[in-house]
């Protein structure tokens with residue numbers, strides 16, 4: 001009549017009765033670079049908040065550089081896809097420019113029509 005159910009032991013034929021299998025995850029070493037970057041960002045932000053702008057910016061820039069060192073594959077992927085994004089942005093700007101030119105020409109036609117009257 002309880003709200004939760006009690007777990008039932010799983011029987012494993014490889015283990016004798018009464019022994020349990022340990023389900024612990026293998027220990028990974030801590031990500032020291034990530035910890036360093038996080039701490040550096042924290043110190044930089046505290047320096048910025050305390051009014052020490054130059055020191056805060058220098059420390060934050062150092063944390064950014066450490067992050068870039070850690071994420072070299074991601075930066076390389078972004079660098080390789082950047083030309084595609086720039087080409088797409090250029091195409092959109094050209095399209096917008098042609099639309100603006102078209103609207104300017106139509107405006108001049110309308111002005112010419114209304115000025116004749």
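Bear in mind that the values in this text are calculations on the coordinates, not laboratory data. Please read these numbers as outputs of a predicted model, since none were measured by experiment. Cβ sites come from the backbone with ideal geometry, for glycine too, and all protein chains shown count toward neighbours.
Kindly indicate whether residue 62 is under 19 Å from residue 36 (Cα atoms) and surrounded by 10 or more Cβ atoms within 10 Å (Cβ to Cβ). Yes. Applying the criterion of at least 2 residues that are touching a residue at least 12 places away in the same chain (Cβ under 8 Å) and under 17 Å from the mean Cα position of the chain (by Cα) to the helices (runs of 4 or more DSSP H) found wholly in the range 24-117 leaves 32-49, 53-70.
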